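Chemist: Once you've had a glance at the structure underneath, I'll fire off some questions.
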Amino acid sequence: MSLNIIDNKEVESASKMNNDGTWNKAQGGTELMNNALVERVDKSLLEQFNIIKSRVREVSTDKTNILWLHDLWADPEAQHLKDPESRKRFGKLVFVSNWQLQTYNMGLGVPYAESIVLKNAIDPIPFKKKSTDQIKVIYHTTPHRGLQLLIPVMQKLSEMYKDKVHLDVYSSFKAYGWEERDEPYKDLFKTAEEHPNMTYHGFQPNDVVRSALQEAHIYAYPSIWQETSCISAIEAMSARCEVVCPNLAALPETTGNFATMYQFSEDMQYHANIFANVLRHTIDNVLNEDSQKKLMFQKNWVDNFYNWDLRAAEWTGLLNALAKNVNVG
C-alpha cells in the first residue's frame, strides 16, 4: 500500500509550518522529544543555541546551530549534508541512534567527528497490574508502518482465540496534521471498527496512549518502515509490554534484544506469515513466569537507559561544551 502524497499547498492549508520545517499542530515523536527537551534543560542554556529538527529552514548567524536529525539519510531534506560547506553551518549533528548515524556516514559521507548520538527518551510509565482474563494487543503508531499486515493477521488469529485476544489500534496521520493521508487506510480502520475483537481509537494524545499501554500485554509491530529510533517501542517496553517486531533498521538497537524479534522480509506475504506465527507464540506465552520475569528486567533497563533525566543531563553536557568551544563527540 502506498502513501497518498499531497502537495505543499494542501499541507500548508491544513496546518502551517514552523520556521524549522515542522508542523505546528504535530504531536509526533519529534515534537514529543522537543517538548521534553525544552521542559528539562535550562532555558538560559537553550537560548544560546538554534536547535533545528531535521528540516533546515532558518540558520542563525548569532547562535550556534545544532541539527537534531530524526529522519532517514535518504530523505530529500538531508541531502545537503553531502556538502562539507553545508555541514559547517552546524556546531554539531545530533542523531537518535547509532544505526542512523552509520547510515548517514555511509550514504552521505557525514563524518563521525561532526556528530554525536543522543538517543530518544521518555518519562517511565508506571506499572499497573494487567488483567489475565484477556490478552490485549496494541498498535500505536502511524498506519503506513505495518498496519496493513497486522489487521489481516489479527483477523486470522481471532478465529483461533475468539474473545481471549483483543486488538486496540491507535493510529492516524492526524498526529501530524495530515488527516488526508489516512485515506488509503480507511478500509483497515473500518475493519478494526467492525471486528468484535478489535477497537479502532484513531489518533489519541500521548497520555491516553500511555494509559492504554498499561493495560496492554503485547505491542504488535510488523514494521515495514525503517525506524531511526522507535519511541512507540520504548513506551511499550516501559509499560511491560512484549514487543513483537522484525529486525529492521534501528529496532534491534532500540529494543536492546528484549523484543521478540523475527527476520524481516521484503515479501509482504512471507512477512505476514512469519509475524503471525511469532505473534501466536507470544500470545500463548506472554503470561508465563519466564516471560514476566523478562518483562520486569526489560522495564528496569528501559526506564534507566531511556529516561529523560539521563538524556537531559547528556544534552546539558553537550550544550555546555559547545558554549565553551570544547569539541564533543
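The values are calculated or read from the model by the stated rules, or taken from the named source; none is laboratory data. Quick caveat, the model's predicted, so the values are computed rather than measured. Using ideal geometry, Cβ is built from the backbone for each residue, glycine included, and neighbour counts are taken over all protein chains shown.
Chemist: Restricting to region 108-139, name every residue that is of a type in the set (Gly, Ala, Ser), assigned to a loop (DSSP other than H, G, I, E, B) and farther than 30 Å from residue 158 by Cα. Break it down into steps so the answer makes sense when it comes.
Modeler: Filtering region 108-139 down to residues of a type in the set (Gly, Ala, Ser) leaves 109, 113, 115, 121, 131.
Those left that are additionally assigned to a loop (DSSP other than H, G, I, E, B): 109, 121, 131.
109, 121, listed by residue number.
Chemist: Only one of 110, 96 is crowded, with 17+ Cβ neighbours inside 10 Å, in the same structural domain as residue 31 (by TED's automatic domain parsing) and either within 18 Å of residue 314 (Cβ to Cβ) or among the polar types (S, T, N, Q) (or both). Can you tell me which? Give the steps one after another, and end with the answer.
Modeler: Numbers: 110 fails: either within 18 Å of residue 314 (Cβ to Cβ) or among the polar types (S, T, N, Q) (or both).
None of the other options fit; the residue is 96.
Chemist: Is it the case, given these coordinates, that residue 182 is under 22 Å from the mean Cα position of the chain (by Cα), among the acidic types (Asp, Glu) and either over 22 Å from residue 244 (Cα atoms) or buried (at least 18 other Cβ atoms within 10 Å of the Cβ) (or both)? Lay out the reasoning, then the answer.
Modeler: Working: under 22 Å from the mean Cα position of the chain (by Cα): yes; among the acidic types (Asp, Glu): yes; either over 22 Å from residue 244 (Cα atoms) or buried (at least 18 other Cβ atoms within 10 Å of the Cβ) (or both): yes.
Yes; evaluated as a whole, the condition is true for this residue.
Chemist: When region 263-280 is examined, which residues are found to be part of a helix (DSSP H, G or I) and in contact (Cβ under 8 Å) with a residue 12 or more places away in the chain? Don't jump to the end; show me each part of the working.
Modeler: From region 263-280, those part of a helix (DSSP H, G or I) are 268-280; that's our starting set.
Of everything in region 263-280, those that are part of a helix (DSSP H, G or I) and in contact (Cβ under 8 Å) with a residue 12 or more places away in the chain turn out to be 268, 271, 272, 274, 275, 276, 278, 279, 280.
Chemist: Mind checking whether some residue in region 250-265 is surrounded by fewer than 17 Cβ atoms within 10 Å (Cβ to Cβ), over 17 Å from the mean Cα position of the chain (by Cα) and modelled with pLDDT of 95 or more?
Modeler: Looking for residues that are surrounded by fewer than 17 Cβ atoms within 10 Å (Cβ to Cβ), over 17 Å from the mean Cα position of the chain (by Cα) and modelled with pLDDT of 95 or more, one finds at least one in region 250-265, hence yes.
Chemist: Right, next: Do we have any residue at all in region 144-158 that's within 30 Å of residue 79 (Cα to Cα) and outside any helix (DSSP H, G or I)?
Modeler: Yes, region 144-158 contains at least one residue that is within 30 Å of residue 79 (Cα to Cα) and outside any helix (DSSP H, G or I).
Chemist: Got a number for residues in region 85-99 being hydrophobic (A, V, I, L, M, F, W, C) and touching a residue at least 60 places away in the same chain (Cβ under 8 Å)? Outline the logic, then answer.
Modeler: We begin by selecting, within region 85-99, every residue hydrophobic (A, V, I, L, M, F, W, C); these are 90, 93-96, 99.
Next cut, touching a residue at least 60 places away in the same chain (Cβ under 8 Å) only: 94-96, 99.
Selection size over region 85-99: 4.
Chemist: Go through region 23-79 and give me each residue that's over 18 Å from residue 100 (Cβ atoms) and among the aromatic types (Phe, Trp, Tyr).
Modeler: Those that are over 18 Å from residue 100 (Cβ atoms) and among the aromatic types (Phe, Trp, Tyr): 23, 49.
Chemist: Working only within region 81-107, note down all residues that are assigned to a helix (DSSP H, G or I) and closer than 28 Å to residue 302 by Cα. Please lay out each step first, then the result.
Modeler: Step one: list which residues in region 81-107 are assigned to a helix (DSSP H, G or I), which gives 81-82, 84-87, 98-107.
Matches in region 81-107: 98, 99, 100, 101, 102, 103, 104, 105.
Chemist: Out of all the residues in region 119-138, which are of a type in the set (A, V, I, L, M, F, W, C) and crowded, with 19+ Cβ neighbours inside 10 Å? Steps first, please.
Modeler: Step one: filter region 119-138 for residues of a type in the set (A, V, I, L, M, F, W, C), giving 121-122, 125, 127, 135, 137-138.
Of everything in region 119-138, those that are of a type in the set (A, V, I, L, M, F, W, C) and crowded, with 19+ Cβ neighbours inside 10 Å turn out to be 121, 122, 125, 135, 137, 138.
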